[in-house]
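The values are calculated or read from the model by the stated rules, or taken from the named source; none is laboratory data. Everything numeric here is computed off the predicted structure, so don't read it as measured data. With ideal geometry, Cβ positions are generated from the backbone for all residues, glycine too; neighbour counts draw on all protein chains shown.
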2 protein chains.
Amino acid sequence: MPSGPLMIIGGAEDKVRKPTILKHFVALSGGPDARIAVIPTASSLGREVVDVYDALFSKFGAARVDAVRPESREQAHDPALVKALDEATGIFMTGGNQLKLSSIICGTPVGDAILRAHDRGAVVAGTSAGASIQSSHMVAFGVGGATPKQRMTQVAAGLGLVDSTVIDQHFDQRNRYGRLLMIVSQSPQLLGIGVDEDTCGLVEDVDGDMVMRVLGKGAVTIFDGARMTSNAYEAKRSSPLLASGVIFHVLPEGAVFNLSTRTLVPQEPVVAGEDAEELAEATRDLRQLVRDIAAADAAPAAIRRRLALRRTRSTPPTTPDQGDPS
Amino acid sequence: MPSGPLMIIGGAEDKVRKPTILKHFVALSGGPDARIAVIPTASSLGREVVDVYDALFSKFGAARVDAVRPESREQAHDPALVKALDEATGIFMTGGNQLKLSSIICGTPVGDAILRAHDRGAVVAGTSAGASIQSSHMVAFGVGGATPKQRMTQVAAGLGLVDSTVIDQHFDQRNRYGRLLMIVSQSPQLLGIGVDEDTCGLVEDVDGDMVMRVLGKGAVTIFDGARMTSNAYEAKRSSPLLASGVIFHVLPEGAVFNLSTRTLVPQEPVVAGEDAEELAEATRDLRQLVRDIAAADAAPAAIRRRLALRRTRSTPPTTPDQGDPS
C-alpha cells in the first residue's frame, strides 16, 4: 500500500470564509469516517488551538477529533497518545514553534506513530511549524530578508516525511527567500520548498515518486540547487552568499511538481464557465471544417454554404446538427 | 572605443561611513580630472540632493560637479544642460520616482546626451530610480512581496543602456522578488536584475559582452527565464503566477557575471591577511616536498632531514633558504 498523502500548509490557512484546505484534509481523511488527531505541541496556546480545529473538523463532518498534546519528551511516550495516533485516519499538526514540536516528539513513540501512520496510508497534515517539521532538514528559526546571508538561519532535524528537502512557510508574507536559499546553498542536495500562507502542497506517492499538487491562495516556491555554484563553505560572518545557477519554480494553485525528478508536471489549462462553452463550440466548428475540406463535396461553393449555415449558430441555436457527435 | 562603465546602484548607498561605491564612481570618472553631472530629476527634493552629491563628489576629489535638472520635457531640450552632459566624464542619476525621470528625459536631447556620453566612454551611474532607468524595460512602480502575481507591477520604457533587461532596486529591503519575477514571466527574453541597497552592479564592455562585477554590502539577484514555463499569458486578475524553471543567481561583492551569455564568470577566491601568508607558506612547503621526492636524494632519511629543517621555520625564521625562489 502506498504511503498516505501529506499536506504541507504555509500557515494562516483560511478557517472561516473559504476553508478549502482544511475541508480537503477532512475529506482525504475519510469524511464522515475521519478520525482525526490534532497535535498542538508547537503552540503555546495548546487547548484553545485544539478547540478551534475540533470545531472546524467536526463542522466539516469528521467522525471524531482527539487531542494529542505531549508537552515533554516524557509525555511523548504516553501509550494513550500513541493509541490515538495509531487509530487516526488523519493527523494535523498546528503552528507555533517547530523546534519545540520537533525536540519534543522526534525520536519518541509519538513521533514514530506519525511515521507509522504515514506508512499505512493515513493523511499527515501540518500548518506553519507543522509544515516545517515534515521535511528531513528543518528550518529551526531565523530572520527574514530576500538575500541569502551566512548564519541567517539554523537547521535542525525534522520528522523526515519528505526526504531530502527543507520546508519553509509564511514564505511570501515573511520574506523568507533568503533563509531558504542560505540552507540550499550550504546543502545543495536538499530541495528547498517555501509555502505561502493559506496555501498547501499536497504530496502523494505516485508510482514511487513524490508528486506535489498546489492548492490555496498563494504559491509554493521550489529551489533546486543541484547544479548551483556557491561560496557558502567559505563565506565569513553574515556576508551575502554567492548562489548562482539555482533553478526555481513558483507554483500557484493547480500546478503539479514531481519532487523526486524535480520537474514540473504539465497540466491541461483549466477553462471554466462560458469560456469553456465558447472554446468547445469553436473547436467543433474547426473540426467540421477540416472534415468538409477533406470530403468529396469540398468544392468552394459547398464550403461557403456550410460556413453560412454554421454562422447562424451564433444567434440562438436552432440547427439540429448541434447535437451531432463531433 | 568601447562604451563606458555603467554603475547600477540599488539605492541607499553609504555616503558617510564607508562610501565605497560613490568613491569608485569618482575614481572611474577620472578622479582629479572628473567632471560630473548630477541629474536629480527623479527626486522631489531636487536642489538639496544635488548639494549632497556635490559635497560628496568634491570631497572624493572630482574637479567639477554640475547639476542637470530638467523638470519638464521642454527643459530637457535646454542646450546648456546638454552641454554639461556632453562635457561630463561621469553622469550620476539620483533616486526618486523613475517614471518622472524617464518620462521627462527619455527621447529628449538630455536623454540622448546620456546615451552619447555612454557611447564615448563616460561613466553613467544611477541609484534607485537612476538604476532602474538604465534598463531597456523599466519597472514603473508596483507593490512588494515575494510571490509573483499578475498585475502587481507596471513596465515602462527605460533609457536602454543595458539592453534586454529589467532592473529593480531596494531589492532585498523592499522584498521585490515577486514583481521582478512577474515581469520576467511575462517577458522571458528580459534578464531580471534586482540590486540590493548599498550595492552596485558595475557593468563594462568586455570584448563586446556586457560583464557585471558586484560591489557593496548586499547582493545582485539575476532571474534568467530563457527556459521557463509560465501561465502569465492566461492568469486572471491578481492571481499568483506559475513560473517554473527560472534560473537564478544571487551575486555578492566580488562576483562577476556575464550578462550577455547569462553565466557566472569564475573568480579565484580571495584569501586575505594572515590566512594568505599561512596558505602561501604551506603551498611552498608542498612544492618543495614534491621536488624532494622527485629528486635523486629523495631517500627517506634525506626527506626526514629536510622536513625537520623546514619545521624550524615555524619558529621565527632563521634559515636563509626561505628566500629561495619556490
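Quick one: how many residues across the stretch A:81-104 are in a helix (DSSP H, G or I) and more than 20 Å from residue A:119 (Cα to Cα)? Full working, then the answer.
Let us first name the residues in the stretch A:81-104 that are in a helix (DSSP H, G or I), namely A:81-87, A:98-104.
If we keep only those that are more than 20 Å from residue A:119 (Cα to Cα) as well, we get A:98-101, A:103-104.
Within the stretch A:81-104, residues that are in a helix (DSSP H, G or I) and more than 20 Å from residue A:119 (Cα to Cα) number 6.
Could you look through the stretch A:214-243, keep only residues that are more than 21 Å from residue A:152 (Cα to Cα) and part of a strand (DSSP E or B), and pick out the one that is nearest to the other protein chains (Cβ to nearest Cβ)?
So the first thing to find is which residues in the stretch A:214-243 are more than 21 Å from residue A:152 (Cα to Cα), and the list is A:214-220, A:226-227.
Remaining after also requiring part of a strand (DSSP E or B): A:214-216, A:219-220.
On the way: A:214: 9, A:215: 12, A:216: 10, A:219: 4, A:220: 9 Å.
Result: A:219.
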Checklist entry - What are the pairs, 6+ residues apart or on separate chains, where a residue within the stretch B:120-136 that is touching a residue at least 24 places away in the same chain (Cβ under 8 Å) and over 19 Å from residue B:205 (Cα atoms) has its Cβ under 6 Å from a residue that is among the β-branched types (Val, Ile, Thr) and not in a strand (DSSP E or B)? => result B:130/B:94
Next on the checklist: Looking at the stretch A:32-55, can you tell me whether even one residue there is surrounded by 20 or more Cβ atoms within 10 Å (Cβ to Cβ), not in a loop (DSSP other than H, G, I, E, B) and not hydrophobic (A, V, I, L, M, F, W, C)?
Outcome noted: yes
Checklist entry - Of the numbered conditions (1) of a type outside the set (Gly, Ala, Ser); (2) farther than 27 Å from residue B:239 by Cα; (3) free of Cβ contacts under 8 Å to residues at least 12 places away in the same chain, residue A:240 satisfies every one except a single condition; which is it? => result (3)
Item to check | Single condition residue B:216 does not satisfy, out of (1) over 23 Å from residue A:231 (Cα atoms); (2) in contact with a Cys (Cβ under 9 Å, 6 or more places away or on another chain) | outcome: (1)
Next on the checklist: Would you confirm, using the coordinates I've provided, whether residue B:197 is within 12 Å of chain A (Cβ to nearest Cβ) and closer than 18 Å to residue B:20 by Cα?
Outcome noted: yes
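Hey, can you tell me all the residues within the stretch A:141-194 that are outside any loop (DSSP other than H, G, I, E, B), under 19 Å from residue A:234 (Cβ atoms) and more than 12 Å from chain B (Cβ to nearest Cβ)? Can you show your working first?
In the first step, residues of the stretch A:141-194 are kept if they are outside any loop (DSSP other than H, G, I, E, B); the result is A:141-142, A:149, A:153-157, A:162-169, A:177-186, A:191-194.
Imposing the further condition that a residue be under 19 Å from residue A:234 (Cβ atoms) reduces the set to A:149, A:153, A:155, A:178, A:181-186.
Matches in the stretch A:141-194: A:153, A:155, A:183, A:186.
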Checklist entry - Going by the structure shown, is residue A:284 closer than 23 Å to residue A:205 by Cα, surrounded by 11 or more Cβ atoms within 10 Å (Cβ to Cβ) and of a type in the set (D, E, K, R)? => result no
Checklist entry - Before we move on, is residue B:111 buried (at least 24 other Cβ atoms within 10 Å of the Cβ), in the same structural domain as residue B:53 (by TED's automatic domain parsing), on the phi < 0 side of the Ramachandran plot and at pLDDT 95 or above? => result no
Checklist entry - Only one residue in A:268, A:274, A:278 is outside any strand (DSSP E or B) and closer than 30 Å to residue A:8 by Cα. Which one? => result A:268
Checklist entry - Within the stretch A:216-227, which residues are modelled with pLDDT of 95 or more and out of contact with any helix residue (DSSP H, G or I) (no Cβ under 6 Å at 6 or more places or on another chain)? => result A:217, A:218, A:219, A:220, A:221, A:222, A:224
Checklist entry - Is at least one residue of the stretch B:2-15 farther than 25 Å from residue B:214 by Cβ and either at pLDDT 95 or above or not charged (D, E, K, R) (or both)? => result no
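Of B:256, B:211, B:203, B:246, which residue is of a type in the set (A, V, I, L, M), crowded, with 24+ Cβ neighbours inside 10 Å and more than 9 Å from chain A (Cβ to nearest Cβ)? Break it down into steps so the answer makes sense when it comes.
Numbers: B:256 fails: crowded, with 24+ Cβ neighbours inside 10 Å; B:211 fails: crowded, with 24+ Cβ neighbours inside 10 Å; B:246 fails: more than 9 Å from chain A (Cβ to nearest Cβ).
Answer to the selection: B:203.
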Checklist entry - Looking at (1) at pLDDT 80 or above; (2) surrounded by 11 or more Cβ atoms within 10 Å (Cβ to Cβ); (3) among the small types (Gly, Ala, Ser), can you tell me which one residue B:302 breaks? => result (1)
Item to check | Extreme residue, nearest to residue B:178 (Cα to Cα), among residues of the stretch B:125-140 that are of a type in the set (Gly, Ala, Ser) and in a strand (DSSP E or B) | outcome: B:140
